[in-house]
1. Residues with amide H under 5 Å of HIS109's amide H, sequence separation 5 or more or different chain, H placed in the peptide plane at 1.01 Å from N; which?
2. Under a straight-distance cross-link criterion of Cα-Cα below 14 Å, which aspartates and glutamates are reachable from LYS116, leaving out those fewer than 8 residues away in the same chain?
3. Need the list of aspartates and glutamates near LYS183 for cross-linking: C-alpha distance under 20 angstrom, and skip anything on the same chain fewer than eight residues off.
4. Using the alpha carbons of the range 127-250, what is the convex hull volume per residue in cubic angstrom, as a whole number?
5. Could you pull out every one of the lysines with an alpha carbon less than 22 Å from that of LYS229, ignoring same-chain neighbours closer than 8 positions?
6. Which of these values of Rg and Dmax of the Cα atoms in Å was calculated from the structure shown: [x] 54.1, 166; [y] 22.9, 75; [z] 27.2, 87?
7. Could you compute Rg(Cα) / (2.2 N^0.38 Å) for the range 271-325, with N its residue count?
8. Longer than 22 Å from Cα to Cα, which of LYS68/LYS510; LYS108/LYS466; LYS28/LYS434 are they? Say none if no pair is.
Amino acid sequence: MSINQSGWRPTAPEQGKGNVPASVTGNKALMLEEALIFEIGDSHTTGVDFATAPARATTSKLGPLARKAPIGLPGLSEPETVRHYTRLSRQNYGIDLGFFPLGSCTMKHNPRLNEKMARLPGFSDVHPLQPVDTVQGALEVIHQLAHWLVTLTGMTSVAMSPKAGAHGELCGILAIRAALEAKGEGHRKVILVPESAHGTNPATAAFAGYGVEDIPATAEGRVDTEALKARLGPDVAGVMITNPNTCGLFERDMREISDAVHAAGGFVYCDGANFNAIVGRVRPGDLGIDAMHINLHKTFSTPHGGGGPGSGPVVFSAALTPYAPLPFVEKQDGQFVLVEEETAGEHHAGSFGRMVAFHGQMGMFTRALTYILSHGADGLRQVSEDAVLNANYILRSLDDTLDAPFGPSGPCMHEALFSDSGLADGFSTIDVAKGLIDEGFHPMTMYFPLVVHGAMLVEPTETESKAALDQFIAALRSVAERAKAGDPSLKTAPHFAPRARLDETLAARKPVLVWKDPAPLAQAAE
C-alpha cells in the first residue's frame, strides 16, 4: 500500500515544490512519516528467518490450544517494532511536551515524586485478595487519604471505590435514591440540572432512571436561582450542580440553592471536577452539599488521559452517609480493616450496595496522598489561588481580541471562556483551534459549554509559568487576529502537523478503526 493510500497527503507548504523528497516520503526532517505496522511488515514473514522445521509426528503439548490458522500479525524484527512505536509516540502530544489548555479538564503536571511513591514495593504489587493483615500499609494509605478528602471538603464520610468522575456521580445519585426510598419518598423521579453543569450530570441522572429537567442560566452565566426555586416540588429528588461551573464562574448563591432544595425535601449533588479552583479555599460541606465526587486525576494530579486509570471518590453529608456504598476502611483495635457486606452490621445496613469488585485504584490513592502531603495545607491553598490567577491572566490578556461573554460577570475561577463572535464571515472556533496547532499548542476545548456559541474554553492550571502563559497568549492572539481578518490559510490549517485537516464529520460518523488485509488479486484460471 502506498503512502497516499494510507492517508497521507502533502500539506499546503509542500505542494508544488518539484523534486522535494518529502512529497514522496511524507518525511519532515527527523519527523518521519509512519505507515501502519501492518504495512511495514506482512503476516507471511517474521523478523528472523528460520529454516523449515522437519515434520514431527509427536503430539503438540498445546493440545486444543494449538493455532490452526494464520495469526494475522506482521512479522517484524525487534528494532523495527521499537522504532515504529517510538516514532508514533513523537507524533503524540502530552503534558510533558507543552501546555495543555483543555477547559474543565485540569490537565496539569504530574509530579514525578508521585510516580516514585506509587512504584514502591507493597503499593505497586499489592493484590486485592491478599489477607488484610498483609496489606496494612495500603489500607492505611486509603484511610489517611479518605481523612484528608473529608477534611478538605467539610463533609462527613467518603466512598473511595468509584473509578472516575462519572462513576462517582452515579455513586452519589444511587445514595440519594437509597435515602429517598428509606424515607418512603421513592416517588421523587426528577433531577434538576442547570445549563452550566457538566454534560455527564444529566446523562448520569438519566442512567439512574430519573427524568432530567434543565434550569436556565442568567445573563451573567450563573444558575437562575429563582427559576430553580420555582421548579422545586414533591417530584424533585434533587439537583446536580457544577461549582465552579462550566462557564468558569463560582455559584455565589450555592448556599441559598442548597437550603431551598433541602426545604423541598431533595438532595444536592455537586460535580467536583473543578475542585482544583477552590481546594483549600472553600469547603463544599459548608455550602450545603450532600454528595460530591472528587477527580483525583485532576485536583490531586494523578495521571489523566488515555481512558484511565482514574479515581473519583465521593464525599457525603451526614444525611447520606448511612447509604454510602461498600467497602470502606476502618481502624479497629489498632488494625485497619475492610468493612464489606459480611462485616457491615447494623452501623451500615442502609448501604445501597457495591460499585466495584474490589476497593478502588491503589496507584491513584498513593499518588494523590503523596501530592497532598507534599503540598500541605498552605500549599493546597496556593494551588487554587495560582490556578485562578492564571485563568484570569489569560481572560484579561485576551478579552480585547476575543469575545469573553462572561467577562463582565467578574473574575473567573479555573478557566477563561471565549466565543467565536467577531471572527470574519465563514470563520469559526475550529479554524482558531487548527491554527493553534501550527503554533505548537494543543487546542483548547471547543464548542463547550453549549450555552456559548463557538465556545473556546481555556484552563491553564497552576502549574504553568507566566512565561508559558505569555507564549500561549501571543499565539492565540495572533491566530485570532488572522481569523478576524479572514486569513484564508486558516481554513486549511494545520499545515505543519503530521496530518492535514481531517474531515471530522466523516471521521466521527464513519471511522475506520480496524486494519484489514487487502483482498488478494483475482488470478485467472489455468
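1. Excluding prolines and chain starts, which carry no amide H, the hits are THR463.
2. Reachable aspartates and glutamates: ASP125.
3. Straight-line reach from LYS183, under 20 Å: ASP235, ASP259, ASP290, GLU346.
4. Working: hull volume 18.0 nm³, N = 124.
Taking the convex hull of the Cα positions in the range 127-250, it is 145 Å³ per residue.
5. Correct list for LYS229: LYS189.
6. Computing Rg and Dmax of the Cα atoms in Å and matching it to [x] 54.1, 166; [y] 22.9, 75; [z] 27.2, 87 gives [z].
7. Details: Rg = 12.3 Å, N = 55, 2.2 N^0.38 = 10.1 Å.
Dividing the Cα radius of gyration by 2.2 N^0.38 Å gives 1.22.
8. On the way: LYS68/LYS510 33 Å; LYS108/LYS466 15 Å; LYS28/LYS434 19 Å.
Violating the 22 Å limit, Cα to Cα: LYS68/LYS510.
The values are calculated or read from the model by the stated rules, or taken from the named source; none is laboratory data. As the structure is a computational prediction, the values presented were derived from the model and not from experiment. Ideal geometry is used to build each Cβ from the backbone, glycine not excepted, and the neighbour counts take in all protein chains shown. The area values use the complete protein model at the heavy-atom level, side chains included, leaving out ligands, DNA and RNA. Shrake-Rupley method; radii C 1.70, N 1.55, O 1.52, S 1.80 Å.
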